[in-house]
Amino acid sequence: MNAGDPLPIGQHDLEIQANKDAWQRKPQLRAVYRGFHEAIASRLDRSVPGLVVELGSGMGSIKEVIPDCVTTDLFPNPWLDRQENAYRLGFADGSVSNLILFDVWHHLRYPGAALREFRRVLKPGGRVIVFDPAMSWTGRVVYGLFHHEPLGMGQPITWDAPAGFDAKDADYFAAQGAATRIFWMREAPGRLADWEICEVSPLPSFEYLATGGFSGPQLGGPGMFRLWRRLDRALAPWPNLFAARLLVVLKRTP
Ligand SMILES: C[S@@+](CC[C@H](N)C(=O)[O-])C[C@H]1O[C@@H](n2cnc3c(N)ncnc32)[C@H](O)[C@@H]1O
């Protein structure tokens, strides 16, 4: 698969259902996700009134850490609160305080179109919190070799949807390097003029890579995970070499 190749949108739901099995089988993966969700929770701005919403919630596990989070996805799975599409949200103008996208940004073929919709539903001062793969040299090797989605590092970024685009026509798109290129490498700085960029943190996460994610084998038992965590802390000063996850916080300007 190459970035940009169209697949039916239902591919996401097939992956969600498969991920649910892996989630039950892999306690270490659940523990690492809990840590990621806690990092996201610590970035919420609770002083802004409005709903905390996650887009593309998949299995909806974020509720274990952020119980009041409204979980949503393209598919009306029974464990989620709502069905929502990032390109056309059902929330009223200014009704959302914090919008969370965990491993969703790299599935947005038209990031500019989604950001315009995020701006509409967010209160001024509200936040978009993006958590996505980071393409350090380690990230490129591991995600490039061991994950089925393309990195898309050399593909043009299609910021805006074509005229006449309807959210319901969105197809399956994946470019794992999308957040890195836009927020970390700042390939399209003028496009983010409407947003204050509060944080861009590339994080080493051998702890996460060693879980094998949802589809790969886990490396080592619980004892090893303490070592991976220590290694991640030690490698933090060299994000260009070792980062595997990118945490981004945007604030809606007035
Ligand atoms: C890689 S999964 C991540 C699921 C979950 N956030 C997690 O981390 O386990 C990507 C999710 O994004 C959703 N998604 C893709 N395009 C979307 C869109 N345009 N609007 C809302 N959700 C979308 C998919 O349905 C899928 O559940």
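Data table
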quantity	calculated
Sole exception among (1) closer than 25 Å to ALA243 by Cα; (2) more than 16 Å from the ligand (Cβ to nearest atom); (3) touching a strand residue (DSSP E or B) at 6+ places or on another chain (Cβ under 8 Å) for MET185, by number	(3)
Of all residues in the stretch 60-84 being more than 8 Å from the ligand (Cβ to nearest atom) and of a type in the set (A, V, I, L, M, F, W, C), the one that is nearest to TYR172 (Cα to Cα)	LEU80
Qualifying residue in the stretch 103-113 (condition: away from the ligand (no atom under 12 Å from the Cβ), surrounded by fewer than 23 Cβ atoms within 10 Å (Cβ to Cβ) and over 16 Å from the mean Cα position of the chain (by Cα))	no
In the stretch 122-147, the residues that are away from the ligand (no atom under 11 Å from the Cβ), over 21 Å from GLU199 (Cβ atoms) and out of contact with any helix residue (DSSP H, G or I) (no Cβ under 7 Å at 6 or more places or on another chain)	ARG140, VAL141, TYR143, GLY144, LEU145, PHE146
Within the stretch 37-63, tally of residues that are touching a His at 6+ places or on another chain (Cβ under 9 Å) and over 17 Å from GLN24 (Cα atoms)	1
Close pairs from the stretch 92-115: first within 17 Å of ALA167 (Cα to Cα) and at pLDDT 95 or above, partner within 9 Å of the ligand (Cβ to nearest atom) and in a helix (DSSP H, G or I), Cβ under 7 Å, at least 6 apart	LEU108/ALA114
Yes/no for LEU99 being within 15 Å of the ligand (Cβ to nearest atom), under 17 Å from the mean Cα position of the chain (by Cα), farther than 14 Å from ALA179 by Cα and of a type in the set (A, V, I, L, M, F, W, C)	yes
Count of residues meeting criterion [within 13 Å of the ligand (Cβ to nearest atom) and surrounded by 19 or more Cβ atoms within 10 Å (Cβ to Cβ)] in the stretch 30-59	12
Sole exception among (1) closer than 24 Å to ALA134 by Cβ; (2) within 7 Å of the ligand (Cβ to nearest atom) for TYR87, by number	(1)
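Yes or no, residue by residue, for (1) under 25 Å from GLU38 (Cα atoms); (2) in a helix (DSSP H, G or I):
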| position | (1), (2) |
| --- | --- |
| ARG120 | no, yes |
| VAL128 | yes, no |
| MET135 | yes, no |
| THR138 | yes, yes |
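The values are calculated or read from the model by the stated rules, or taken from the named source; none is laboratory data. No experiment lies behind these values; they were computed from the predicted model shown. Because the Cβ atoms are built from the backbone with ideal geometry, glycine has one as well, and the counts that use them run over all protein chains shown.
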